[in-house]
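As structure tokens, the structure follows; a few thoughts come after it.
The values are calculated or read from the model by the stated rules, or taken from the named source; none is laboratory data. Everything numeric here is computed off the predicted structure, so don't read it as measured data. Every residue, glycine among them, receives a Cβ derived from its backbone with ideal geometry; neighbour counts consider all protein chains shown. Only protein heavy atoms, including side chains, enter the accessible area calculation; ligands, DNA and RNA are left aside. Shrake-Rupley method; radii C 1.70, N 1.55, O 1.52, S 1.80 Å.
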Amino acid sequence: MKKKLLLAAICCYTVSLCQVGINTQNPQGALHIQNTSKEMGVVLPVVSEALSTVTPNNTTAIEATFVYDNTLKCVRIKTDTKWSGCLLDEAGVTTIINNTYNNNGSTATNGIIKAIDADGDFLYQSVYINASDKNVYTMGYGGLGAVGTNNMGYQQIPVKIIAEACTDVASGYYSGYAITATGKLYSWGYNIYGKNGLDYPTVISTNIPTEVIMPSGIKPVKVESSNLNTIVLGNDGKLYTMGANFNYMNGNNTNTGYISTPTQINSGSLNGVTIVDFAMAQDKVCAIDSTGKLHYWGYNLNNQNTSPSTTGWTQIPTQSTIFTGGASNSATFAKSVALSTYSCIVLDGSGKIHGFGNNNEISGGAAGNSYNLSNNVTIDPGETIVKVKGMDGGVGIGSFALITKQSNPSVKPNVYASGYNYYGKMGTPDEFGFINNSTSWQKVSTASMSISEKIVDVAIGYYHALYITGDDNANGTIDTNDYNLFGAGYAFPGPLGSNYQNNPNIPTQLKN
């Protein structure tokens with residue numbers, strides 16, 4: 001009897017310390033699979049979607065469960081409270097290969113950079129969509145994964161981080177975002193307060209683009225980010241927010257805590273409306289609906305949220321009493337909106353510009369008033385203002401740009417700038433000062449551009465700005481391959497590509 005008990009004890013002890021080895025007699029872990037004669041991989045369980053995964057006892061999957069999600073076509077893992085986003089998919093594998101083997105993922109061609117969309121972080125990063133392959137490239141300072149690679153230093157040559165056609169990009173505080181043509185949203189970099197749509201504080205930052213899971217059936221159309229928040233416009237005409245609730249940025253009547261997954265803003269005046277465009281800065285948001293009404297929420301210092309009767313905080317989305325919609329060519333129809341640190345400008349349907357907030361940024365009118373800035377913007381004959389752009393997401397004194405078009409296709413239209421001109425980023429003579437001493441707007445220099453090139457978009461960062469230009473064809477249209485990317489301002493540590501040795505104070509053609 002004693003011998004039987006001793007044998008049983010030995011067996012139990014052996015089982016408690018056992019390791020499983022397949023094709024190896026010396027397992028180096030609890031499970032060790034060794035290839036011998038053939039190159040074979042491990043086949044994971046395939047589930048319709050990760051959320052439907054159960055244990056053999058039909059209970060919820062436990063932490064550290066790996067599956068292949070057949071809906072998203074990628075590998076996912078169960079954490080202690082939720083399923084992760086896609087750990088690897090086709091784009092992710094391609095990104096790793098590019099970054100590891102292809103000269104750190106740098107562009108395959110030499111010469112000038114051509115881009116159809118771009119954005120600059122308010123500090124030291126840039127992101128753009130290449131005009132030829134529609135893939136996403138980054139450059140600049142890589143701390144906290146800001147350029148979407150394992151390079152935490154200076155990325156002075158553009159690096160491809162998403163090998164998939166994309167339609168929109170944005171840059172935030174040490175972070176970046178991209179929307180693919182198939183309707184996926186990717187984020188990378190600093191996930192402070194969950195603004196990258198990833199589980200916070202479990203995920204502080206990511207070095208490579210990681211898919212953000214949108215609500216079921218929703219595809220992203222546009223993305224913008226500030227230092228603590230990110231907002232996405234969905235194909236349903238609704239806004240989805242993530243990040244800190246500070247200053248009521250998430251529009252949910254809450255000033256504490258955070259949201260780490262895309263969550264619809266459906267309170268206040270946004271309830272039941274369709275949003276077509278929006279802008280955000282570090283502590284405020286403005287959105288335009290399909291009828292031309294303008295909605296605002298967040299911090300309203302100096303009445304900068306387009307409502308002269310409101311100061312302090314606007315806790316939920318509120319409709320402007322000035323831009324109430326109507327005919328698309330009327331002064332009450334909001335056509336385009338831009339925000340900066342302390343101000344807001346709105347282009348109305350009649351082509352007039354209105355400014356609210358800090359006069360140093362908007363160059364005209366008394367602070368806190370709805371002012372017709374058109375009196376302070378002298379545009380050339382034949383020009384009309386078609387778009388307004390601000391320093392989204394930045395801190396410190398901001399800047400604005402007005403983009404125009406010309407009725408005469410043989411005449412180059414201008415871009416006009418106001419605000420603070422750090423390192424000459426706005427392409428005007430007032431380097432390290434307020435443009436025209438904040439009395440009027442100034443033309444952005446096009447001295448380094450060809451006579452047929454026109455500026456079609458501007459992305460304003462804190463220390464640098466990016467300018468997308470198009471070269472007219474004979475019929476007056478712009479072919480995708482004719483888009484070029486220019487930059488101005490602070491060039492170190494690489495947000496302007498290989499031009500990083502100099503700080504150009506006029507828009508200069510960027511190079512690989």
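Worth a mention:
- Matching entry among I468, I403 (being outside any loop (DSSP other than H, G, I, E, B), modelled with pLDDT of 90 or more and within 18 Å of T378 (Cβ to Cβ)): I403
- Pick from the stretch 363-384, criterion in contact with a helix residue (DSSP H, G or I) (Cβ under 8 Å, 6 or more places away or on another chain) and crowded, with 16+ Cβ neighbours inside 10 Å, ranking: modelled with the highest pLDDT: S363
- In the stretch 406-431, the residues that are open to solvent by less than 40 Å² (accessible area, probe 1.4 Å) reach residues that are acidic (D, E) and modelled with pLDDT under 90 with C-beta atoms within less than 7 angstrom, at least six apart or across chains, in these pairs: S418/E361; G419/E361; N421/D430; N421/E431; G424/E431.
- Breaking point among (1) touching a strand residue (DSSP E or B) at 6+ places or on another chain (Cβ under 6 Å); (2) open to solvent by 10 Å² or more (accessible area, probe 1.4 Å); (3) at pLDDT 95 or above, for I213: (1)
- Test: residue in the stretch 276-286 that is touching a helix residue (DSSP H, G or I) at 6+ places or on another chain (Cβ under 8 Å), buried (at least 17 other Cβ atoms within 10 Å of the Cβ) and modelled with pLDDT of 95 or more: no
- Residue within the stretch 25-46 that is exposed (fewer than 10 other Cβ atoms within 10 Å of the Cβ), part of a loop (DSSP other than H, G, I, E, B), of a type in the set (S, T, Y) and modelled with pLDDT under 70 present: yes
- Selection from the stretch 128-165 of residues that are assigned to a loop (DSSP other than H, G, I, E, B) and open to solvent by less than 10 Å² (accessible area, probe 1.4 Å): A131, G142, A146, V147, G148, T149
A quick yes/no check of all residues on (1) among the β-branched types (V, I, T); (2) under 25 Å from A115 (Cβ atoms); (3) part of a loop (DSSP other than H, G, I, E, B):
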| residue | (1), (2), (3) |
| --- | --- |
| T167 | yes, yes, no |
| S171 | no, yes, no |
| A178 | no, yes, no |
| T182 | yes, yes, yes |
| S187 | no, yes, no |
| D199 | no, no, yes |
| V203 | yes, no, yes |
| T206 | yes, yes, no |
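- With respect to the conditions (1) modelled with pLDDT under 95; (2) open to solvent by 10 Å² or more (accessible area, probe 1.4 Å), S226 lacks only one, and its number is (2).
- Summed over the stretch 323-352, residues that are at pLDDT below 90 and open to solvent by less than 60 Å² (accessible area, probe 1.4 Å) total 4.
- Every listed requirement among (1) assigned to a strand (DSSP E or B); (2) open to solvent by less than 60 Å² (accessible area, probe 1.4 Å) is met by Q315 save one, (2).
- T182 being without any contact (Cβ under 8 Å) to a residue 40 or more places away in the chain, open to solvent by 20 Å² or more (accessible area, probe 1.4 Å) and of a type in the set (V, I, T): yes
- T109 part of a loop (DSSP other than H, G, I, E, B), over 26 Å from Y258 (Cβ atoms) and either open to solvent by 10 Å² or more (accessible area, probe 1.4 Å) or at pLDDT 95 or above (or both): yes
- Neighbours by Cβ (under 6 Å, 6+ apart or cross-chain): first from the stretch 212-226, farther than 16 Å from G390 by Cα; second modelled with pLDDT under 95 and outside any strand (DSSP E or B): I213/G85
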